[in-house]
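Quick notes on the structure that follows.
The values are calculated or read from the model by the stated rules, or taken from the named source; none is laboratory data. Quick caveat, the model's predicted, so the values are computed rather than measured. A quick note on method: Cβ atoms are made from the backbone with ideal geometry, for glycine too, and the neighbour counts reach across all protein chains shown. Side chains are part of the model used for accessible areas, which takes the heavy atoms of the whole protein and leaves out ligands, DNA and RNA. Shrake-Rupley method; radii C 1.70, N 1.55, O 1.52, S 1.80 Å.
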Amino acid sequence: QVQLVESGGGLVQAGDSLRLSCAASGLAFSSYAMAWFRQAPGKDREFVAAIMPGGRKYYVDSVKGRFTISRDNAKNAVYLQMDSLKPEDTAVYYCAADSAGSSRYYKDTVYEHWGQGTQVTVSS
């Protein structure tokens, strides 16, 4: 059974940093594309960042230069380092896994497995 468990969310002030973690189990982690999505109240789920099995990374424009996605295949974990946080980053952040490494990495429909989410709240 595949499990993705996020942690590291919290309440911070604008300009602060947070590091989200996602611990994966029950899958061949190193062969999966991993991603972070987020969903703010009243809005659709939004792509944030993805990292391919080979290490290539992708980001939504709004977080480029502020967020960094990384993975540790030895620990079956993926991380999202979030710096210079803004109030508009407030959302529930979800970890997702895709076995196919789709070129449509920005589409939530290509991801087979999801975590339960972790809340990030950024106050102004």
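Quick notes on this structure:
- Number of positions in the range 31-41 that are aromatic (Phe, Trp, Tyr) and either assigned to a loop (DSSP other than H, G, I, E, B) or at positive phi (or both): 1
- Residues (touching a helix residue (DSSP H, G or I) at 6+ places or on another chain (Cβ under 8 Å) and farther than 15 Å from Cys95 by Cα) located in the range 7-39: Ala14
- Residue in the range 7-30 that is under 17 Å from Tyr106 (Cα atoms) and at pLDDT 95 or above present: no
- Index of the failed condition, Ser124 passing every other in (1) in contact with a helix residue (DSSP H, G or I) (Cβ under 6 Å, 6 or more places away or on another chain); (2) open to solvent by 50 Å² or more (accessible area, probe 1.4 Å); (3) within 21 Å of Ala28 (Cα to Cα): (3)
- Residue in the range 4-20 that is touching a Pro at 6+ places or on another chain (Cβ under 8 Å) and surrounded by 13 or more Cβ atoms within 10 Å (Cβ to Cβ) present: yes
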